[in-house]
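Here's the structure we're looking at; comments come further down.
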Amino acid sequence: MLIVDFASLLDVSRATRPTSAARCKSPFSRRSYVGPVGTCVAQVLGVCLLGTILAYVMVSGTATAAFGVVLLPSLCYVLTRRLGGLVAGLTLILLLPSWYTLGPAQAGVMRIACLCALATVLLTRQPRLTWIDVTLVGFIAILFLGWVLQDNQAHAGRIMLNEIQAVAFFIAARTVPARSTPDVMRFVYFAGALGALTVLYELRVGHVVFLDPSRYYWNGGGLLFRPGGIFGSPPAASTVLTLTALCGMPSMQQLRGWKRGFARLCMAITLGAVVATFTRTAFIAVAVGLVAYLWLSRSPMLRPQRVLVGLLLVTLGFAFVLPRLEKEATFQEGVLRPGTFAARVGYWQLAIPIATSSAHNLVVGIGSEALEIPALGGSAPSEIASSPVLIQHGTHNQYVLTLLEQGLVGLVAMCAWLAASVGTAWRRARTGRDPYVAALAAGMLAVTITMLTDNVMLSGPSLAIAFLIAGLIVASRRSGSTEDPV
């Protein structure tokens with residue numbers, strides 16, 4: 001049996017299909033599908049796409065189009081499997097830069113990944129609505145209305161689409177059968193480890209590889225270079241890899257033999273890449289997420305004796321190791337970075353007065369994407385135009401950014417979604433003693449922490465993995481349970 005049961009994910013192994021006697025109870029039975037209609041629709045779409053590319057080949061005769069003709073039938077086959085679309089989408093965002101295009105300019109990696117994830121919805125049964133669904137729909141509706149009613153610019157629409165498209169991973173993940181959740185989490189974990197290798201590679205060569213160096217903000221300028229790999233920036237890389245590492249925590253306990261050794265190797269690679277980004281919030285998110293996971297899974301590592309030993313080691317580290325590290329240039333430039341926190345506080349002090357300058361701004365904000373539009377050549381509201389520092393550097397805080405652009409209405413909706421996700425997973429982990437649900441709760445808790453110093457909504461891969469975890473929390477509801485329905 002492979003570490004990740006790929007045959008089970010793609011539904012291509014007869015050995016994984018239930019017998020006729022068990023079909024009435026299995027989540028993988030025909031009742032878990034929309035029926036043959038969904039499969040037929042996916043196949044028709046695949047044939048149409050193949051015909052389009054064949055026509056393109058006959059007209060242009062390029063090598064790229066020829067490769068697409070060869071690849072597309074296999075992709076269509078994968079998309080018609082049970083969770084093939086979700087697996088294909090996760091593969092794209094975790095192994096390829098999201099800003100790359102696959103042929104035409106509109107065929108971005110992130111956009112194709114979202115479409116692949118949505119293919120899963122055609123082949124799986126939709127669970128009942130939960131408060132996580134309701135709060136997320138409310139938040140997205142507020143984002144959309146903040147664009148249409150307040151600042152309807154073409155540039156805002158493009159940014160809005162790039163943000164909202166990641167919700168496809170939530171829609172797909174919430175349809176995953178509960179018994180397949182561990183396989184999906186393992187796939188995310190091991191694919192994330194492969195993506196982490198690109199961060200370590202950039203650290204090894206000492207310069208950015210996947211982006212134009214002139215556009216890379218973290219080149220160092222003679223100081224410390226902070227790699228971002230295929231994720232595009234150190235904050236985005238650290239966020240994605242923090243979440244994939246937390247998804248892999250149960251594998252460290254559940255797997256045995258060489259599989260456990262391989263899982264530990266992947267964890268070392270992932271956490272090593274997180275450290276290489278020198279993102280302090282990620283260090284805190286990993287630590288808090290790890291403690292939450294150990295507590296929710298009732299790990300023996302939190303026994304009083306072991307906790308006392310751990311606290312003793314941490315105390316000794318702060319007393320003897322930290323003073324020496326503070327003298328190292330790498331530690332000063334990568335971790336301490338004097339003045340950076342004060343600068344971020346300055347951004348918040350600029351944004352909050354604008355958000356509270358009027359009743360309109362306080363309640364509904366200044367308009368969705370108002371802070372990002374000037375970077376694409378659009379016009380900024382007068383309040384933002386008077387603070388060019390915010391346009392150049394952003395808020396470095398998702399909560400402050402949401403308050404500024406969507407007001408208290410948007411901030412409450414986003415916090416309600418986060419609270420519903422963390423609270424639901426937390427309760428299920430404590431009552432069900434499920435280590436995988438405990439890891440999902442730890443992942444969403446890490447998302448809430450990361451948002452304190454990073455605009456997660458502006459990073460496609462980060463937001464996609466956060467939505468994926470929230471969707472898996474919805475899917476984790478026990479079969480036949482009536483908890484959390486709306």
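Descriptive notes on the structure:
- Failed item, numbered, when ARG298 is tested on (1) on the phi > 0 side of the Ramachandran plot; (2) open to solvent by less than 70 Å² (accessible area, probe 1.4 Å); (3) charged (D, E, K, R): (2)
- Restricting attention to the stretch 314-350, the residues that are open to solvent by 60 Å² or more (accessible area, probe 1.4 Å) and either at pLDDT 90 or above or among the aliphatic types (A, V, I, L, M) (or both) add up to 8.
- Cβ-Cβ under 7 Å pairs, at least 6 apart or on other chains, the stretch 172-189 side open to solvent by 10 Å² or more (accessible area, probe 1.4 Å), far side of a type in the set (A, V, I, L, M) and outside any helix (DSSP H, G or I): ASP183/VAL4; ARG186/ILE3; ARG186/VAL4; PHE187/VAL4
- Among (1) open to solvent by 10 Å² or more (accessible area, probe 1.4 Å); (2) in contact (Cβ under 8 Å) with a residue 40 or more places away in the chain; (3) outside any helix (DSSP H, G or I) - the single one TRP426 does not satisfy: (3)
- Scanning the stretch 384-399 for residues that are open to solvent by 20 Å² or more (accessible area, probe 1.4 Å) and hydrophobic (A, V, I, L, M, F, W, C) yields ALA385, VAL389, ILE391.
- Checked against the criterion of being of a type outside the set (Gly, Ala, Ser), at pLDDT below 95 and in contact with a Pro (Cβ under 7 Å, 6 or more places away or on another chain), the candidates PRO381, PRO435, PRO353 yield just one match: PRO435.
- Exactly one residue out of ALA319, ALA273 is farther than 30 Å from ARG427 by Cα and free of Cβ contacts under 8 Å to residues at least 40 places away in the same chain: that is ALA319.
- Hits in the stretch 351-383 - residues which are open to solvent by 60 Å² or more (accessible area, probe 1.4 Å), in a loop (DSSP other than H, G, I, E, B) and under 20 Å from GLY410 (Cβ atoms): THR356, SER357
- Qualifying positions in the stretch 240-258 - open to solvent by less than 10 Å² (accessible area, probe 1.4 Å) and part of a helix (DSSP H, G or I): VAL240, LEU241, THR242, LEU243, THR244, ALA245, LEU246, CYS247, PRO250, SER251
- When the stretch 199-213 is limited to residues that are assigned to a loop (DSSP other than H, G, I, E, B) and over 11 Å from GLY229 (Cβ atoms), the one that is least open to solvent (accessible area, probe 1.4 Å) turns out to be GLY206.
- Among residues of the stretch 201-220 that are on the phi > 0 side of the Ramachandran plot, none has a Cβ under 8 angstrom from a residue that is assigned to a loop (DSSP other than H, G, I, E, B) and open to solvent by 70 Å² or more (accessible area, probe 1.4 Å) at a sequence gap of 6+ or on a separate chain.
The values are calculated or read from the model by the stated rules, or taken from the named source; none is laboratory data. On a predicted model such as this, the values are computed, not experimentally measured, just so you know. Ideal geometry is used to build each Cβ from the backbone, glycine not excepted, and the neighbour counts take in all protein chains shown. Note: accessible area is taken over every heavy atom of the protein model, side chains too, but ligands, DNA and RNA are not part of it. Shrake-Rupley method; radii C 1.70, N 1.55, O 1.52, S 1.80 Å.
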